[in-house]
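Remarks on the structure that follows.
The values are calculated or read from the model by the stated rules, or taken from the named source; none is laboratory data. Since this is a predicted model, take the numbers as computed values, not measurements. Every residue, glycine as well, gets a Cβ built from its backbone with ideal geometry; the counts of neighbours run over all protein chains shown.
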Amino acid sequence: MRFLSSGFHVGREVIPFRSMKVHLVDGTYELFRHFFAVPAAMDADGQDVGAVRGVLGTVLSMIERGATHIGVATDHVVESFRNDLYAGYKTSEGVPPALLAQFPILETALHSLGVVVWPMVEFEADDALASAAAKAAREPTVDQVVICTPDKDLGQCIVGTRVVQLDRRRGLVRDEAGVVEKFGVVPESIPDYLALVGDSADGFPGASGWGPKAAALTLSRYAHLEGIPKDWQAWHPSIRKARTLAATLFDAWNDVLLYRTLATLRLDVPTFDTVEALRWTGPSRDFEDWCRRLQSPDLFVRTISRLGNVPSSTSK
């Protein structure tokens, strides 16, 4: 799978940019990525904004490449409702304060750029992306929904070639066939898969003795945890060490169900009323001031240059 200048290449199919796509961006991933990839850069007030400038540049480059409908989700607060469900779930502990301080700056700057932002407090950015993807996919005017993140959790949202996942850094697009190729299970089984193998990034361990191969082979046969026979002798003969796997799974059954709940993305997060709310029509009036504060006049020049190619652009 490759990312082409003329469109997305999924398998042998090239999907041109002229079709209506909705791009949903994992702002948390992008901010983390730029924070650790680019040098610190101070704004006029001495605040580190290097990662903010990087993310703004990334979003603007998407607009320059023809993206018309964009939404960005961020973790305004790292902790979420999942921390109330499981004490070991990920927190902001260990995250550099200089990185955390850039979240509100990024959210305000993106809004000034004219991009819709969902700053999550109770939920996570992944929940907002999942909710927005599901809602956009239901709109008949949308040809494709592109979730811009390599996060494996979002694999559960993929639907055929209609809802796909884009790893912008590597230039890879993953559709439903790509999820099966990578994980060995269909998208709907990703929460069950993560419950079994665990997710160190989110802080839950999975079931003892269950690795990716065992989880994929089992869930390719039974799809969900409830479909796995309690009697190991009834398991498909292709699954090795069934007796041991069954024992560890059902001994920790309640814990594994909890891990699946943690891994299951919510689809009820408020995001937008209609997909047209995501259309980029230009920056707010204060965007030039923001670019001065960020000491990035090039961002403003690029944005103004792009306005000539935006239908019915408005100054907000």
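Overview of values
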| quantity | calculated |
| --- | --- |
| Test: residue in the range 158-181 that is free of Cβ contacts under 8 Å to residues at least 12 places away in the same chain, closer than 20 Å to residue 218 by Cβ and out of contact with any His (no Cβ under 6 Å at 6 or more places or on another chain) | yes |
| First in the range 128-149 and within 18 Å of residue 30 (Cβ to Cβ), second anywhere and crowded, with 21+ Cβ neighbours inside 10 Å and hydroxyl-bearing (Ser, Thr, Tyr), Cβ under 8 Å, 6 or more apart | 128/271; 129/149; 132/271; 149/29 |
| Yes/no for residue 243 being out of contact with any strand residue (DSSP E or B) (no Cβ under 7 Å at 6 or more places or on another chain), exposed (fewer than 13 other Cβ atoms within 10 Å of the Cβ) and among the basic types (Lys, Arg) | yes |
| Every residue from the range 166-196 that is of a type in the set (Asp, Glu), over 16 Å from the mean Cα position of the chain (by Cα) and either buried (at least 21 other Cβ atoms within 10 Å of the Cβ) or not in a helix (DSSP H, G or I) (or both) | 192 |
| All positions within the range 91-133 that are assigned to a helix (DSSP H, G or I) and within 13 Å of the chain's Cα centre (by Cα) | 125, 126, 127, 128, 129, 130, 131, 132, 133 |
| Residue in the range 215-225 that is loosely packed, with under 13 Cβ neighbours inside 10 Å, assigned to a helix (DSSP H, G or I) and of a type outside the set (S, T, N, Q) present | no |
| Residue count for the range 250-282, restricted to those that are without any contact (Cβ under 8 Å) to a residue 60 or more places away in the chain and hydroxyl-bearing (Ser, Thr, Tyr) | 0 |
| Scan of the range 152-165 for residues that are within 20 Å of residue 271 (Cα to Cα) and either of a type in the set (D, E, K, R) or crowded, with 22+ Cβ neighbours inside 10 Å (or both), ordered by number | 153, 154, 155, 156, 157, 158, 162, 163, 164, 165 |
| Count - residues of the range 63-97 that are under 19 Å from residue 50 (Cβ atoms), touching a residue at least 40 places away in the same chain (Cβ under 8 Å) and surrounded by fewer than 14 Cβ atoms within 10 Å (Cβ to Cβ) | 1 |
| Residue ID - surrounded by the most Cβ atoms within 10 Å (Cβ to Cβ), chosen from residues in the range 199-209 that are under 21 Å from residue 125 (Cβ atoms) and in contact with a Gly (Cβ under 8 Å, 6 or more places away or on another chain) | 204 |
| Criterion: closer than 19 Å to residue 203 by Cα and of a type in the set (Lys, Arg) - qualifying residue of 33, 82, 65 | 82 |
| Check on residue 284, closer than 26 Å to residue 50 by Cα and modelled with pLDDT of 95 or more | yes |
